[in-house]
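Comments concern the structure below.
Each value in this text was obtained by applying a stated rule to the coordinates, not by laboratory testing. Please read all numbers here as calculations on a predicted model, not as lab measurements. Don't worry about glycine lacking a Cβ; one is built from the backbone with ideal geometry, like all the others, and counts go over all protein chains shown.
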Protein chains: 4
Amino acid sequence: MSQAREGDVVLFISKDRKRYLVRLTQDGALHTKHGVIPHADIIGQPLGRKVLTHLGVPFLVLEPSTEDLVLELKRATQIMFPKDIGYTLMKLGVQSGSRVVEAGTGSGGLTLALARVVGPQGRVYSYESNPQALALARKNLESLGLLDRVELKERDIAAGFDETDVDALFLDVRHPWEYLAQARAALKQGGFFGAIVPTTNQVSQLLEGLAEFAFAYVQVEELFVRDYKTVPGRLRPMDRMVAHTGYLIFARKVESPFGQIVGHGAGKIVWPPEPETPDSEEE
Amino acid sequence: MSQAREGDVVLFISKDRKRYLVRLTQDGALHTKHGVIPHADIIGQPLGRKVLTHLGVPFLVLEPSTEDLVLELKRATQIMFPKDIGYTLMKLGVQSGSRVVEAGTGSGGLTLALARVVGPQGRVYSYESNPQALALARKNLESLGLLDRVELKERDIAAGFDETDVDALFLDVRHPWEYLAQARAALKQGGFFGAIVPTTNQVSQLLEGLAEFAFAYVQVEELFVRDYKTVPGRLRPMDRMVAHTGYLIFARKVESPFGQIVGHGAGKIVWPPEPETPDSEEE
Amino acid sequence: MSQAREGDVVLFISKDRKRYLVRLTQDGALHTKHGVIPHADIIGQPLGRKVLTHLGVPFLVLEPSTEDLVLELKRATQIMFPKDIGYTLMKLGVQSGSRVVEAGTGSGGLTLALARVVGPQGRVYSYESNPQALALARKNLESLGLLDRVELKERDIAAGFDETDVDALFLDVRHPWEYLAQARAALKQGGFFGAIVPTTNQVSQLLEGLAEFAFAYVQVEELFVRDYKTVPGRLRPMDRMVAHTGYLIFARKVESPFGQIVGHGAGKIVWPPEPETPDSEEE
Amino acid sequence: MSQAREGDVVLFISKDRKRYLVRLTQDGALHTKHGVIPHADIIGQPLGRKVLTHLGVPFLVLEPSTEDLVLELKRATQIMFPKDIGYTLMKLGVQSGSRVVEAGTGSGGLTLALARVVGPQGRVYSYESNPQALALARKNLESLGLLDRVELKERDIAAGFDETDVDALFLDVRHPWEYLAQARAALKQGGFFGAIVPTTNQVSQLLEGLAEFAFAYVQVEELFVRDYKTVPGRLRPMDRMVAHTGYLIFARKVESPFGQIVGHGAGKIVWPPEPETPDSEEE
C-alpha cells in the first residue's frame, strides 16, 4: 500500500487528535468541522503525510495498523484488546492459510485481526447470536474489505458449528464451558482452543470443563501493557494503565485418553503431561 | 494440517516433558532414550494423539503453535519472547502479503513468526552481521519450510538495506538509533517502525534519534505475562514470572514536516500530533 | 543503635554473600568456615563496617532492616513477604501503641514486624495451633528481644480469641472465613481486619463471609515488587520476579446495620457505602 | 481508641462517598450539605457506627488507617502513595523509637506515617524549603496530634542536616544525588538511606552518586498494587490501576572501604558484596 488506492482504509488524524477511519472511494470525502478532504486528494498519493482540508486545516493521513483498526472499530460491545489479540494469534498458531472458528463475533475486532493474518487462502468462521452485533460487525468488516475471507453466521452456538477439522477455535462468550463438546466437534485432532473470560470464577468453571472434555496443555494467562511517556530525558511510565481486560485460556484438543467419546463424567486426564510448571511451591 | 504430511513440523512431548521439534521425512525417525518413533508412524495420521516408541513408551504428538516454534528454536542468542512478538505484529500491522525488513536475524524467532503471517504472497528481508547466527537461523527456517518467503542477508546494516517501500521494519540490535537514516530509506512513506532494547538508557537514546529523524507516533511499551496454575478449585498465579524481556518502541515514518530531507539536526517535531496521552499528571 | 550493644541483633555478610543473623552476647562468637569473629569485637563499636575473622577474612556487619529480619528468619513455613507486611501495616493503621491480634503465628515474620512498630507501649497477641511452629516463632522473637511485647498462644482459634477491643486483627490461615465471628468478638467497633490467602477461590469464600458478618469497606488487593539491576548506564529490571505471594483482603468491623447480632444469614450490606470504585465498566 | 475522645481524628463517610477527616473538639461540629453532626455526638462513643445529621441523614464514622490519613491529607504537592510508604518503612527498618530524617516534607504524608511508627520515644526531622508547603504540613500534622514527635525545619538541605547519627534518612527531592554528602553526615554508620524519583534518568544519576559516596547494598525497586472488585461470584481485577508512582532506591551507609573520607572521585566499591542478584542473565 505504497500509494493509496480506491478501497484502501486510511486513518485521518486531526491536530486535536480526533481519528477518522475511512475507506477511500473515488467520489468520497471526509467531512469534519475543520473542513472537507476529498478522497481524490489521497488516492494515488503516498500516505504518512499531511493533507489540508478545503479550509487549509492540516490532517495527517496514515495506513492504520491492526491495532488502530481494532481500537477505531465502531463497537456495540466490549472488544478484545490488541495485546490479547496479538498473543492469542501466537498461541493458536494462526498463520497465512489457517481456518479458524470464533464466537461471538461481537463488533468484529478479533475477526478482523484473524482475517488479516489468515489471508485470502485462509478462512474465518465467526458466529454471533445477536443480530444487531452481527450487522455492525458485517459493516465493519465490509468497510475493511475483509468479507472475502470471513463467513459471518447468526447462530446460537449451542446448536454446534458447521465446520469440522478447523485449525483453531476461540470463544469470547459468557459461558464458554457450555460449548466444549461443540468445540471438540469443530476442531481437528490436535487443534488449538482459546477463550477469554473476565472473572476468576469463570476461569475455574472453564478449567473444570476442559478437564472433563479431555483438552490438554491447558494454560491460563493474563497480559499487561505498560506505556511510557516518550521524553528521552525524563523517561517514565504513564501514571495509569489498564489493569485487567480478561483471562486468556488456551488448550489443545487431543485424542481421548480412553479411546472413546469423551463427555461429561470422563474425569481428569493425568496424561498427556501438562506443560512444565515454572515453579512448584505449594500454598 | 489435519493429517500429518511429509515436510510438516511436529512436536513430540514425552511423559517427563521433554519436547522434540521434528520435521517429518519418509525415512526419518525420532530417537529418544525411551525408544524410537519412525516418522512413518506419524505421516498420514492425525496429530493430537498418543504414539508409542518401539519400547512401548507413549509420546504425545502435536502441531506446534507459533509460540512453540519460537520457544523450541535452536538458539545461539537471546530470542524475542512470544508475548513481544505477538504484540509487535499487531503494532506493525503485519498481515498476509506484507513486506517486512528486520535486523538482526538472531536465531530467527521473530523471522519465523513474520514468515508465517506474511504468507507466500509476502516477504521477510532479514539482516544479520554474524555469520554463525545467520547459519543457525537459516537452518531453523529451512527446517520449518519457510525459506520460500524469507531472504536472509549477511550484512552490517550500517551499509543500508537493499529494499525500499517496505511496509514495516523492526530492529533488534544493540544501537538501533544508529540506523534510523537507513530505516527511513527502506520504509515506505507512512511505514511502521519497531525496535526492542533491554535498558532504559537505550530507550532514551532511541527516542532522541526518532525525534531527530522525524518519526511520529512514538510509543514505548512493555508487556508482562502472568501464568496461572490450572487447578480449578485452587486457582492462583504461578509464584514466579518473567519480569523483563525488553522495551518495545514503535513509531511511524512520516513526511518530513519541513518538506526536505530530514537528518541529524532537524529537531523535534511538534506536528503531527502525538497519540493521546492517557494521563497528564506531571512529576 | 549507633554503637552495637549486648543484646543487639546484627547481620554479618560474607564476601560470598552468606548472611548470618546474630544476637550479640558478651562471650559469643560467630563461627564460619572463614574463621571466627568474637562478639566482643562488635560490641561497643559502630556497625556498617568491615570486620575480620581470626583468619583475616573480611565480613560486613550491619544492623538488619525489618525486611532483613523477616527474610533471614528461621522458618518452617511459607512467610509473608516484606511487601505485603509493609502494606498491611499501613492498611491496618498499626502504629506505636497499637494492640493487634494475629493468627497463625507461623515462623513469626509478621509478628516481628508488628512488634517493632507497636513498640513497648503496644501489644501483639499471636495465635498458632502448631506447637512446633510456635516454638520456632518463640525462639525467633526471643532472639530479637521482642518477647516483652508479644504474647504467643498455642490455640485453635475456632475457640475464639482471649482479647477484646483490639485495634486490628490479621488472619493468615487456610480458611479465614471460618473465624469471622471470633474476629468480630475480638475487634473493637470500627477495628481493622486483614487476611492473606493464596487462591482466588479462597478470596471468593472470604468475601462471602465478610458480607455475612457485616464487615464493611472490603478491599482485595495484590502487590508486585519489581527489582532493577543497579548499573546506572544500563538500567533495566531484573529478568525474573515474584509473581504471586497472596491476595490481601482488608475490611472494617462496623456496627451491624440491623442493630442486632450479625451472623450467618444476615445477608449483604448495602450500607455503609463501599469505597469508591475507580471504574465502573462491567463484564 | 475504643471510645472516641476529644482530640481524636475520625473519618466521616457519607452515602455518596464523600469523606471528611475531622479532629474532634468538645464544641466542634461537622457541617455538610446533608446537615450537621456535633462532635459531642461522637466523643465518648465507639466508632465504626452510623451517626445521623440533624436532618436525619446517615454517615459512617470510623477511625482512619494510616493509608486513610495519607490519602485524605490536605495537599499542595504530589504525595507518596501508601504502597510506597509501607514498603519504605520496612526497608528503612523504621520502628518504635527510631530517629529519622526526611526531605522534603511536602504535604506531610510520609512524615505522618513515620511519626505514627516511631512513636513518642522516636523522632522525625523533616526538612522543607518551600514555606507554603511547610505551613500546610504543619497544619496537617498538628491536626493529627503528631507534632510532639516531629521537628519541621524550613531549610534548603544543601546546607546540610542538623542531626547526626540518625537511623534512617529519606529524600523525596528532585535531585537527590546532590545531597549525598549531607546524607552521609547525618546518618549513623550503617544507617538506612532511601529516595524516590519518578524518572529512569534520575535513577541512573542517583545510582552514580551512591557509588561515588560509598553507599552499599543499593536496590532499585518499584511497587504495583492491583485492586479487585469485591463480588464473590464475579471476582476480577479493577479495569484500571496506577501504573507508576516512582522508583524507590534504598542503600546503606557503610564505612569507606579506603579508610578515609569518601567523596567525589572515590570510585565504585567492589566490596562490600552486593545483595544476591536473583538472576544473572545478560542483555
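Worth pointing out:
- Relative to the longest principal axis of the Cα atoms of chain C, the long axis of helix C:109-118 makes an angle of roughly 90 degrees.
- Relative intensity, log₁₀ I(q)/I(0), of the stretch D:102-213 from a Debye sum that treats every alpha carbon as a point, q = 0.18, 0.19 Å⁻¹: -0.89, -0.99
- With its label point defined 7 Å out from Cα along the Cα-to-Cβ axis, D:A159 lies at 6.3, 6.5, 8.4 nm from the matching points of the other copies, in increasing order.
- Space enclosed by the convex hull of the alpha-carbon atoms of the stretch A:67-253, per residue, Å³: 124
- Restraint check, A:K229/B:K83; C:K33/D:K188; A:K74/D:K229, Cα-Cα greater than 24 Å: C:K33/D:K188; A:K74/D:K229
- Between D:R5 and B:Y20, the simple label model (points 7 Å from Cα in the Cβ direction) yields a spacing of 7.8 nm.
- Counting Cα-Cα pairs of the stretch C:42-82 in 10 Å increments starting at 0 gives whole-percent bin shares of 24, 36, 28, 13.
- Antiparallel DSSP beta bridges within the stretch D:146-257, percent to nearest 5: 70
- Note on B:172-184: average number of Cβ atoms from other chains within 10 Å of each residue's Cβ is 0.
- What the Cα convex hull of the stretch A:9-64 gives, in volume per residue, is 68 Å³.
- Helix-only arithmetic for chain C: the sum of -39500 (n - 2.57) across DSSP H runs with n ≥ 4, divided by the residue total, places the mean residue ellipticity at 222 nm at -6000 deg cm²/dmol.
- If only the Cβ of Lys and Arg carry +1 and only the Cβ of Asp and Glu carry -1, the dipole of chain D around its Cα centre is close to 1340 debye.
- Relative contact order for the stretch A:67-253: 19 percent, from Cα pairs under 8 Å spaced at least 6 residues apart, divided by residue count.
- Against the rule of thumb 2.2 N^0.38 Å, how large the Cα Rg of the stretch C:114-174 comes out: 1.12
- Exposed loop sites here are trypsin sites (Lys or Arg not before Pro) assigned a DSSP state other than H, G, I, E or B and surrounded by at most 10 other beta carbons within 10 Å; excluding them, the longest clear run of chain A is A:34-267.
- For the stretch D:48-141, alpha-carbon Rg over 2.2 N^0.38 Å: 1.26
- Shown for D:E154, D:E128: other C-beta atoms within 10 Å of each C-beta, ranked fewest to most, produce the order D:E154, D:E128.
- With Cα atoms, 0 to 90° folded angle of helix B:200-212 axis to chain B main axis: 50
- With respect to chain A, whose longest principal axis is taken over its alpha-carbon atoms, helix A:131-143 is tilted by about 50°.
- Note on chain D: antiparallel DSSP beta bridges, both residues inside, total approximately 60 percent of the bridges counted.
- Residue with peak Gaussian network fluctuation, chain C [Cα springs, cutoff 10 Å], from C:V70, C:V242, C:V254: C:V242
- Ratio of Rg to Rh for the protein assembly as shown: 0.98 [Cα atoms; Kirkwood radius as inverse mean 1/r over pairs].
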